[in-house]
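First up is the structure itself, then whatever we jot down about it.
Please treat every number below as a calculation from the coordinates, not as lab data. The structure displayed is predicted, hence computed values, not measured ones. Note that we place each Cβ from the backbone using ideal geometry, even for glycine, and neighbour counts take in every protein chain shown.
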Amino acid sequence: LPSHLTVEGGHLYLGGRDIVDLARTYGTPLYVTDLDRIVGNFKRFTSALTAHYPAVQVLFAAKANGNLAVMRALAEQGAGADVFSSGELELALQAGMLPERLLFNGSSKSPGDLALAVEKGVRVSVDSVDELRQLEAAAAEAGKSVEIAFRVNPALEVPTHPKIATGLKTSKFGIPAEEIVGAYAEALACEHIDPVGIHCHIGSQILEVEPFARAAGVMVEVAKEVTDLGAHLKFLDVGGGLGIPYHHDTDSAPTPEEYAAAVMPVFLQGIRDAGIDPALWVEPGRWLVGDSSILVARVNSVKRAHRTFVNVDAGFNLLVRPAMYDSYHEVVVANKADQPADGTYTIAGPICETGDLLAQDRDLPAPEAGDLVAVLDAGAYGFAMSSQYNSRPRCAEVAVRGGKHALMRRAENLDDVTAAMQEPGWQD
Ligand code: LLP
C-alpha cells in the first residue's frame, strides 16, 4: 500500500484516519479524500518539472475532481486549472485560482462559454477556426481582447484505453498539425485575439513516458513555425495524461521525475532552436488526485452463485470507471484489512445492470453483510462522474487533512433527486 494508506488493528486508515470509524460517523456509501496527499502530489509533480526549467505552471484538470475543497487545497499551492466548461471555470475562480492560471478548453464551446471566457479574462484553447471566428466576434462585442492557444491534434497513437486516447488522428480534439499554421495566421490577423500559446493533450492513464516526449516534439515544431509567422508565444501546454498504478503490485507507472526527464530535454532543445522562452504548462488530473480517495461501500448481502457476489451499496452510479472502461481498482475489506484472503469474490453494486461490478474475481477475506469494502484510487473521475441513475442520491464526500476529518459534500437525499422536476405546465 502507498504510504498514506495504512492498516492498524485490522482497519484500513487513509491519511491517518480509521475508515471504519469514518463510515460509522458519516454513513455509507462514502468517498473519503486525503487532501494532504493531493497537496503532496502537486508539490512533487511541480518540483519534478521546475528542477529542469523554472517557468512551469501546473494546471489541475478540474474534470478529474470538481470538489471545491480539493480545488481550494490546490489553489493555495498556486495551482491553476484546465477548465472544460463554464461550470468548471466558475468553480476554479470560486476556489481562488487566478484567472491567468486558467485555460478554458473544449471542443464544443457554446456562445455562452465564449462570452464567459471573455468576461472573466481567461485564456482560451481554441479547437477550430470556426470557434476562433466566434471568439473574435464575442471579444469585439465586449470591447476586449483575448489571449488564446490552439489545440493541436498531434496524430499520435498512445497506449491506453481507446475511449481516453485524445490525440489520435481520428479523435475529435484539436486542429490537424498541417492546418495549424493557417489557423495561427488567421488568429494573428484578428483584431481582438492574441495567439500566445499552443496546447495539446494526447490522452489519459498513459503508463509510458515516450508518447509524451513525442508530443513535446510536435509542440516545439509547431512553436517554431508559428514564431516564424510572428506569434509571440508565452506558453506551451503539453496537457495531462500521466497514469497511476491501479494494480499496486504489477503496474510499473512512470514517476513525475521520469516524465520530466523524458519531456523536458525535448522542450528545452526545441525552444532553444526556436529562439523563444515560453512557460511550460502541464495539465495533470489523475496523477494529482487519483490515489487520494477511496470509495467506501457497505456489504448488503453475499450470494454464492456462479460466482460469489458481494452486493454492496455503491455501484457505477458512484464509480463508473470499471463499467465504462473495464478499469481495475484495488479493493480492501476495510474492517478485515489484516486478514488473509480465503476465497475469490466479485463486488457488485446495487444498479439494475449486469455490468454494475466494481471489482471481479478478487481474493479477499470472506466479506459478510455489514462489512466495509474500500475501493482504492477513486479520487480521479470517481465522484466527478457520478450520477443519480436508478434515482439514487449521490453519497457524501469527507475530507481528511492534518489528522482531522470534515464533510466536504453532504449526501444527497430524495429531494435532491426530484429538485429540478416539475409538473409540466403545458403550452400551446
Ligand atoms: N487536459 C485535457 C485537455 C484533458 O482532456 C484531460 C483529460 C486532462 C488534461 C487530464 O488528464 P489526466 O492527467 O487526468 O489523465 N474519465 C476517464 C479519463 C478521461 C480523461 C479526459 N481528459 C477515466 O476515468 O479514466
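Figures for the structure shown
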{"item": "DSSP-defined beta bridges in the chain - what % are antiparallel, rounded to 5", "result": "45 percent"}
{"item": "Residue order, fewest to most beta carbons within 10 Å, for 333, 320", "result": "320, 333"}
{"item": "Fewest-first ranking of 346, 50, using other Cβ atoms within 10 Å as the exposure measure", "result": "50, 346"}
{"item": "Inter-probe distance in nm under a simple model that places probes 7 Å from Cα toward Cβ, at residue 129 and residue 178", "result": "1.4 nm"}
{"item": "Cα-Cα over 22 Å, subset of 43/63; 144/234; 63/163; 43/163", "result": "43/163"}
{"item": "For region 337-428, alpha-carbon Rg over 2.2 N^0.38 Å", "result": "1.48"}
{"item": "Mean Kyte hydropathy of -0.5 or more with a Cα span along the axis of at least 18 Å, helices from DSSP in the chain", "result": "35-50, 129-142, 210-228, 256-274"}
{"item": "Amide H within-cut-off set for residue 237, under 5 Å, with H built and near neighbours excluded", "result": "198, 199, 200, 281"}
{"item": "Cβ-defined net charge surrounding residue 121, 11 Å radius [Lys, Arg +1; Asp, Glu -1]", "result": "0"}
{"item": "Kirkwood Rh in Å, taken over the chain so that all alpha-carbon pairs contribute", "result": "22.7 Å"}
{"item": "For region 222-298 and region 96-158, distance of Cα centres in Å", "result": "21 Å"}
{"item": "Linear extension gain, residue 361 paired with residue 228, 0.36 nm per residue minus alpha-carbon span", "result": "42.2 nm"}
{"item": "Proxy reagent accessibility, fewest Cβ within 10 Å first, across 309, 173", "result": "309, 173"}
{"item": "Three-way shape label, region 1-147, alpha-carbon gyration tensor, a/c 1.5", "result": "prolate"}
{"item": "Unit charges on C-beta of K, R, D, E only; dipole of region 165-294, Debye", "result": "100 debye"}
{"item": "Computed E for residue 6/residue 368 - FRET, C-beta separation, R0 22 angstrom, nearest 0.05", "result": "0.40"}
{"item": "Cα→Cβ-extended label distance, 7 Å offset, between residue 110 and residue 344, nm", "result": "4.8 nm"}
{"item": "Cα-projected label distance for residue 191 with residue 55, points at 7 Å along beta-carbon direction, nm", "result": "3.0 nm"}
{"item": "Rg/Rh ratio calculated on Cα atoms of region 249-401 (Kirkwood radius)", "result": "1.12"}
{"item": "Paramagnetic label zone (point 7 Å from Cα along Cα-to-C-beta, residue 410; backbone N under 19 Å) in region 4-42", "result": "23-32"}
{"item": "Contact order relative to length of the chain, as percent, for alpha carbon pairs under 8 angstrom and 6 or more apart", "result": "19 percent"}
